[in-house]
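Engineer: Would you mind keeping the following structure in view while I ask a few things?
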Amino acid sequence: MDEKTYIFEGKTTNEAIEKGLKELKTTKHKVDIKVLENEDKKTFFSILAPKVVKVEMKFKEGIQLKEEKEPMDATQVMKELEIFMNNFIANLPTKDLTFEIKQDRDLIKIDIKDEKAAYLIGYRGETLNSLQNILSNIASNDKQEKVRILLNISNYREKREKDLTTLAGKIAESVVRTKKSITLEPMSSYDRKIVHSALQEHDKVKTYSIGKEPYRKVVVSLK
């Protein structure tokens with residue numbers, strides 16, 4: 001338990017409390033609050049002085065101060081990912097696989113180019129996307145924000161983008177011809193983004209997503 005007490009000031013009790021809750025990143029029901037100086041108590045000498053109210057806050061039993069997570073250190077993150085990938089590959093049937101890790105702005109890309117790794121892609125990228133989520137969780141552990149990871153295996157991402165872009169064009173043609181909306185099968189957020197991007201400037205159709213993960217789908221309809 002965090003036994004430390006925290007003192008906050010404000011022109012009113014509410015202001016001091018709100019300031020404390022904001023700085024501690026918590027809510028009223030998680031702390032004990034004690035007013036140290038009542039805002040209504042006035043003396044002759046304090047009338048002209050600025051009004052200051054102090055409140056004391058202490059976390060309730062079993063609740064601790066939420067610690068700030070460390071910002072992302074790309075170099076350190078890539079080292080952690082490299083260690084994981086080396087251990088992961090060492091336990092695969094094809095232990096001689098090679099990979100590359102590099103940073104591209106706010107994105108860290110991991111690329112396994114060996115065709116022998118194709119079995120790690122899975123049906124329409126399901127295994128690849130699951131592995132990418134694991135890598136993202138490893139990279140984001142104890143960080144202030146989620147680290148964006150893009151995993152590519154045997155150039156799957158490029159092939160998938162080409163196939164989906166072609167599919168999106170054919171779907172759009174069908175919607176225009178039949179004047180009926182078409183709902184695609186459930187896709188990952190990455191695949192949905194490709195379809196949306198492929199048709200975002202189409203002059204006759206629009207796209208939007210429906211449903212909840214992992215069954216979220218893209219709908220293509222007339223504008």
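Bear in mind that the values in this text are calculations on the coordinates, not laboratory data. Everything quoted here is computed from the prediction, not taken from an experiment. Cβ coordinates were reconstructed from backbone atoms using ideal geometry, including for glycine residues, and neighbour counts include every protein chain displayed.
Engineer: Regarding region 148-211, what whole-number volume in Å³ per residue does the convex hull of its Cα atoms give?
Structural biologist: On the way: hull volume 6.0 nm³, N = 64.
Enclosed volume per residue, from the Cα hull, is 94 Å³.
Engineer: Figure the gain on full extension for Tyr215 and Asn137 (residue separation times 0.36 nm, minus the Cα-Cα span) and round it to one decimal in nm. Don't skip to the end; give the middle numbers.
Structural biologist: Numbers: separation 78, 0.36 × 78 = 28.08 nm, distance 2.14 nm.
Result for the pair: 25.9 nm of gain on full extension.
Engineer: While we're looking at this one, here's another question. Can you tell me which of 180-189, 90-99 comes out highest on packing, and rank the rest after it, using the mean Cβ neighbours within 10 Å?
Structural biologist: Numbers: 180-189: 14.5, 90-99: 11.1.
The densest-packed peptide leads the list: 180-189, 90-99.
Engineer: What is the magnitude of the charge dipole of the chain about its Cα centre, with +1 placed on the Cβ of each Lys and Arg, -1 on the Cβ of each Asp and Glu, and no other charges, expressed in debye to the nearest 20?
Structural biologist: Values: 43 positive and 37 negative charges, 232 e Å.
The calculated dipole for the chain is roughly 1120 debye.
Engineer: So, one more: Specify which residue in the list Asn137, Thr12, Leu167 is farthest towards the positive end of the charge dipole of the chain, using unit charges on the beta carbon of Lys, Arg (+1) and Asp, Glu (-1), about the Cα centre.
Structural biologist: Leu167
Engineer: In addition: Quick one: pull the percentage of alpha-carbon pairs in the chain with a separation above 24 Å. Walk me through the numbers on the way to the answer.
Structural biologist: On the way: 16006 of 24753 pairs.
So the portion of pairs separated by more than 24 Å is 65 percent.
Engineer: Next question. How far is it, in nm, from the label point at Asn91 to the one at Glu15 when both lie 7 Å from their Cα along the line to the Cβ?
Structural biologist: Distance between the two pseudo-spin positions: 5.7 nm.
Engineer: With +1 on the Cβ of every Lys and Arg and -1 on the Cβ of every Asp and Glu, and nothing else charged, how large is the dipole of region 109-223 about its Cα centre, in debye rounded to the nearest 20? Working shown, then result.
Structural biologist: Details: 23 positive and 15 negative charges, 100 e Å.
Roughly 480 debye, rounded to the nearest 20.
Engineer: Another question, if that's okay. To make sure I understand the rule: partners must be lysines, Cα under 22 Å from the Cα of Lys11, and not fewer than 8 residues away in the same chain. Which ones qualify?
Structural biologist: Qualifying lysines at Cα under 22 Å: Lys19, Lys22, Lys25, Lys28, Lys34, Lys41, Lys42, Lys51, Lys54, Lys58.
Engineer: Suppose a student asked you for the relative contact order of the chain, using Cα pairs under 8 Å spaced at least 6 residues apart; what percent would you report?
Structural biologist: 14 percent
Engineer: Based on the alpha-carbon set only, what is the convex hull volume of region 74-154 divided per residue, in Å³? List each step's numbers first, then the result.
Structural biologist: Numbers: hull volume 7.1 nm³, N = 81.
Taking only Cα atoms, region 74-154 has a hull volume of 88 Å³ per residue.
Engineer: Which of the lysines could a cross-linker bridge to Lys102, judged by Cα under 16 Å and excluding same-chain residues fewer than eight apart?
Structural biologist: Lys79, Lys113
Engineer: Go ahead and run the numbers for FRET between Thr27 and Glu80, Cβ-Cβ distance against an R0 of 30 Å, rounding to 0.05.
Structural biologist: 0.35
Engineer: For region 104-223, what size does the Cα cloud have along each of its three principal axes, sorted from largest down, in whole Å?
Structural biologist: 48, 36, 26
Engineer: Further, regarding this structure: Enumerate the amide H contacts of Val31 below 5 Å, restricted to partners 5 or more residues apart or on another chain; note that Pro and chain-start residues carry no placed amide H.
Structural biologist: Lys60
Engineer: Within 10 Å of each candidate Cβ there may be at most 11 other Cβ atoms; applying that plus a DSSP loop requirement, which chymotrypsin sites (Phe, Trp or Tyr not before Pro) in region 127-223 survive?
Structural biologist: Details: sites: Tyr156, Tyr190, Tyr208, Tyr215; in loops: Tyr215.
Counting only loop positions with at most 11 other Cβ atoms within 10 Å, the chymotrypsin sites (Phe, Trp or Tyr not before Pro) in region 127-223 are Tyr215.
Engineer: Select from Arg160, Arg177, Arg192 the residue whose mean-square fluctuation is largest in a Gaussian network model of the chain (Cα-Cα springs shorter than 10 Å).
Structural biologist: Highest fluctuation of the listed residues: Arg177.
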